[in-house]
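Just so it is clear, none of the values below were taken in a lab; they were calculated from the coordinates. Everything numeric here is computed off the predicted structure, so don't read it as measured data. Using ideal geometry, Cβ is built from the backbone for each residue, glycine included, and neighbour counts are taken over all protein chains shown.
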Amino acid sequence: MGGAGRHPGRHGGVSHSHDKPETWAAAAGRRPEWTQNREGTGGIVNPPVWRASTILYPTIADMDSANQRQDETLFYGRKGTPTTWALREALTGLEPGAEGTMLYPSGVAAITGAMLAALKPGEHLLIPDSAYDPTTHLSHGLLRQLGVQAEAYDPLIGGAIAGKFRPNTRLLVLESPGSLTFEVQDIPAMTAAARQAGIATLLDNTWAASLHFKGIAAGCDMVMQALTKYVAGHSDVMMGSVSATPEWFGRLRSTAWQLGHCVSGDEAALALRGFRTLPVRMARQQESALKIAHWLKAQPLVERVLHPALPDCPGHENWKRDFSGSSGLFGVVLKTGSRADAPIFFDQLSHFGIGFSWGGYESLAIPTSPEKLRKLGGFVPSGLSLRLSIGLEDPDDLIADLSEALKRMESIG
Ligand SMILES: Cc1ncc(COP(=O)(O)O)c(C=O)c1O
């Protein structure tokens, strides 16, 4: 899959992956061979949903020739159909410099697929102490069983990560901002150090959805995102993706195929539908989240707002230098309360759902306990900590909801 996807526009023009995000989101993956009739005299807007396990061949010669190519050839359901190829092409266009993208049945499966592409028994892996919890579990669980040694590092270490490299270090995992605590990493300095030492890098870019931060351009070898969040955007799809450089894509794809990772045409179509409105939703969610974050910052009961665009956030300078915007997910630390008081804050919220995940059109809120996940310590909340995922509701309604919740917290003193 080439990074510069092309398709004829309405009047026969051509769209490229270097178009503005809204333009690319509207056009990506709508190749004529996936949408038009055989004569080329008419077509449909969206690549259709292809459901496939068996592919039938007219002749043995056709079967043998499909076997030679396998990718972007109808070969067997697991190797995809035009629906999944269209989504892959759309995602590749979000990461300039990427050779291609693979799809996975969840964000966690994407992380697993990328890590297994890079690591062998006896090798050493560095992961940020603020990594998404299942990434840490995988590193210290299954990967340890396979003979890989994982080590946590301070997410704000920057270029000094080079001091952690060992002769057998093979992969540096990055996640920026970090889960729950939102540290923004110095990705360019860290990828430069890794490149110099011949160490591969994998970035979890889910927060920025490859819109507000371009991981491959910043020197990463592989960039994953949980499409479950912003790309699908409607809280009804589980899916992940990894985009990779020309140097890494072959290995990534071969690993995904060996592991049997694939997604259905139905779900790929849902993710593509989400993709069309991704930049528009993100713009609105960014705006609302910033309004709410600034409002929270001014509340007497709020100790800290962990939003990368606010100076309170660790690594804020990196965000300012490297990101083109922010999304709708951020953390809050209150001055009072503890996890045991969470029902007082959360149970009566009327516009925020209580639930895991994020990036959907609807707002969510959960209590968090990042201090329990840290291996290196360093996060000491003064009171109850929480995470908000701001959706598409009117931000003033959300503020009114949070205002009531803060009043309830005042009662516990
Ligand atoms: C930062 C981050 N990465 C990856 C994932 C995993 O995605 P999924 O839930 O699709 O497995 C999540 C899910 O919460 C996440 O927050």
field: segment 22-273: relative contact order in percent, alpha carbon pairs under 8 Å with at least 6 residues between
entry: 24 percent
message: I need Cys262, Cys220 ordered by Cβ neighbour count within 10 Å, fewest first.
response: Cys262, Cys220
message: Quick check for me: using +1 on Lys/Arg Cβ and -1 on Asp/Glu Cβ, what's the dipole size of segment 278-410 about its Cα centre, in debye to the nearest 20?
response: 540 debye
task: Figure the gain on full extension for Arg321 and Met63 (residue separation times 0.36 nm, minus the Cα-Cα span) and round it to one decimal in nm.
output: 87.7 nm
message: Once you place label points 7 Å from the Cα toward the Cβ at Arg51 and Thr73, how far apart are they in nm?
response: 2.7 nm
message: Quick check on segment 130-263: take the gyration tensor over C-alpha atoms, sort the square-rooted eigenvalues as a ≥ b ≥ c, and tell me if it's rounded (a/c under 1.5), prolate or oblate.
response: rounded
field: Helix 82-92 axis, angle to the chain major axis (alpha carbon atoms, nearest 10°)
entry: 50 degrees
task: State, to one decimal in nm, how far the label point of Asp397 lies from the label point of Ser369, with both points 7 Å from Cα in the Cβ direction.
output: 3.3 nm
- request: Between the alpha-carbon centers of segment 227-278 and segment 322-399, tell me the distance in whole angstrom.
  value: 26 Å
- request: Let me know the shape class of segment 278-410, please: from the alpha-carbon gyration tensor, a ≥ b ≥ c as square roots of the eigenvalues, rounded when a/c is under 1.5, otherwise prolate if a/b is greater than b/c, or oblate.
  value: oblate
- request: For His18, put the label point 7 Å out on the Cα→Cβ axis and report which residues of segment 97-119 keep their amide N under 12 Å from it.
  value: 97
query: What angle, in degrees between 0 and 90 and rounded to the nearest 10, separates the Cα long axis of helix 265-297 from the longest principal axis of the Cα atoms of the chain?
result: 20 degrees
field: Folded to 0 to 90 degrees: helix 187-196 orientation relative to the chain principal axis, Cα
entry: 60 degrees
task: Give the order of Met63, Met190 when sorted by the count of other beta carbons within 10 angstrom, beginning with the fewest.
output: Met63, Met190
query: Ile354 label point, 7 Å along Cα→Cβ, cut-off 18 Å on backbone N: hits in segment 395-413?
result: 401-412
